[in-house]
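The values are calculated or read from the model by the stated rules, or taken from the named source; none is laboratory data. Because the structure is predicted, anything quoted here is derived from the model rather than measured. Please note: Cβ atoms are built from the backbone with ideal geometry, for glycine as well, and neighbour counts cover all protein chains shown. All accessible areas refer to the heavy atoms of the entire protein, side chains included, with ligands and DNA or RNA removed. Shrake-Rupley method; radii C 1.70, N 1.55, O 1.52, S 1.80 Å.
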Amino acid sequence: YASLYRDISDRINQLPGVQSAAIARFSPVSGHSSSENFSIQGYQPPAGKEMRVWGLPVGPRFFETLRIPISLGRVIETRDTASSTPVAVVNQTFIKEYFPGTNPVGQHIEHGAPFKAPGSEIVGVVSDSTFFSLREKPKPMVFYPLFQKEVHSFELVLRTAADPNSIASEVRSALNQINSRLPILEQQTLNDQIEHSLEQQKMITSLCSMFGLLALLLASIGIYGTLAYSVAGRTAEIGTRMAIGAQKVHVISLVLRDLVFVLLVGLLLGVTVAFGATRWIESFLFGVKPLDPLAFSASALLITGITLFAGYLPARRAAKIDPMRALRHE
């Protein structure tokens, strides 16, 4: 397979419009993953600690294609073949967990336990990146050279200068020329892959939005009904006030005064509960901070506006009461 992988990588990188291309066992946020037991030369794990790491075989130019910065050492290159020294590249989370405060380059790791020499030499460290789910925190990862670790299926990742879909046919044609029996199961952009991974979250968000709007509608109807009932019970009082000179604006403010008090208490309680729920909410957010001032302000303004509008209708009706009719009714 090594010669096939090399032919594919070389050929695709030569296509017009392809800035960089690489082969990997799976691509970011593809829904695929692979974890394995491992050991470190000279490292004795604490009692009860499970030594597991996420492994990913990748080809040359993988980190360049996905623009994953290198922090230390080097990345996987074309010289890392089956006949060369086994090597590996790890991410920052791996270093924080197993080599805190030390230089890991030159250390050796091995699949399984106990450690068996020579293992794979760590030659580089790269920044953390998201490979499994946007909701998950970075995991300890080890990247192995694809030419040293045989795999039977792979994904081809490309970075293009223009619309990726515009060169899809050229990529397929090049792959067919290399090996006509090579099956191509699916093609999609990284953005499409991310969108697909968020389908469940989008559905939950849509449902929450729908139920939120329904709750807001019911609350508005409840406010309107309660205030209208209150106004009906205070018809004589309002008529008397207007008979002795109360203006319409005074009547409206009288009716809305209690509503504003309840609104302020509700907002205070709501904001307090929302702040307390931010840790739980944070696991459902992507690229948005749980304590977003804009979101909190917009929600408070929307609720305030709906509440005052629902209360203004019966208040305006109260201001139109005929004092003489109200007194005769009493």
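Being open to solvent by 80 Å² or more (accessible area, probe 1.4 Å), of a type in the set (Val, Ile, Thr), in contact (Cβ under 8 Å) with a residue 60 or more places away in the chain and farther than 30 Å from residue 88 by Cα is the requirement here; does residue 221 meet it? It is true that residue 221 is open to solvent by 80 Å² or more (accessible area, probe 1.4 Å), of a type in the set (Val, Ile, Thr), in contact (Cβ under 8 Å) with a residue 60 or more places away in the chain and farther than 30 Å from residue 88 by Cα. Being assigned to a loop (DSSP other than H, G, I, E, B) and among the charged types (D, E, K, R) is the filter; apply it to the stretch 98-147 and report the residue that is farthest from residue 32 (Cα to Cα). Filtering the stretch 98-147 for residues that are assigned to a loop (DSSP other than H, G, I, E, B) and among the charged types (D, E, K, R), the one farthest from residue 32 (Cα to Cα) comes out as 116.
Counting only residues that are hydroxyl-bearing (Ser, Thr, Tyr) and closer than 21 Å to residue 78 by Cα, the stretch 128-159 holds 2 of them. Select from the stretch 161-183 the residues that are in contact with a helix residue (DSSP H, G or I) (Cβ under 6 Å, 6 or more places away or on another chain) and either modelled with pLDDT under 80 or not in a helix (DSSP H, G or I) (or both) and list them in ascending order. Result: 182, single match.
Set side by side, the residues 74, 52 differ, and just one is surrounded by fewer than 16 Cβ atoms within 10 Å (Cβ to Cβ), at pLDDT 90 or above and either more than 15 Å from residue 23 (Cβ to Cβ) or touching an Asp or Glu at 6+ places or on another chain (Cβ under 7 Å) (or both), which is 74.
Considering the stretch 2-27, and only residues there that are closer than 30 Å to residue 115 by Cβ and open to solvent by 10 Å² or more (accessible area, probe 1.4 Å), the residue that is nearest to the chain's Cα centre (by Cα) turns out to be 25.
Residue check: is residue 151 closer than 16 Å to residue 20 by Cβ, touching a residue at least 60 places away in the same chain (Cβ under 8 Å) and either within 31 Å of the chain's Cα centre (by Cα) or open to solvent by 20 Å² or more (accessible area, probe 1.4 Å) (or both)? No.
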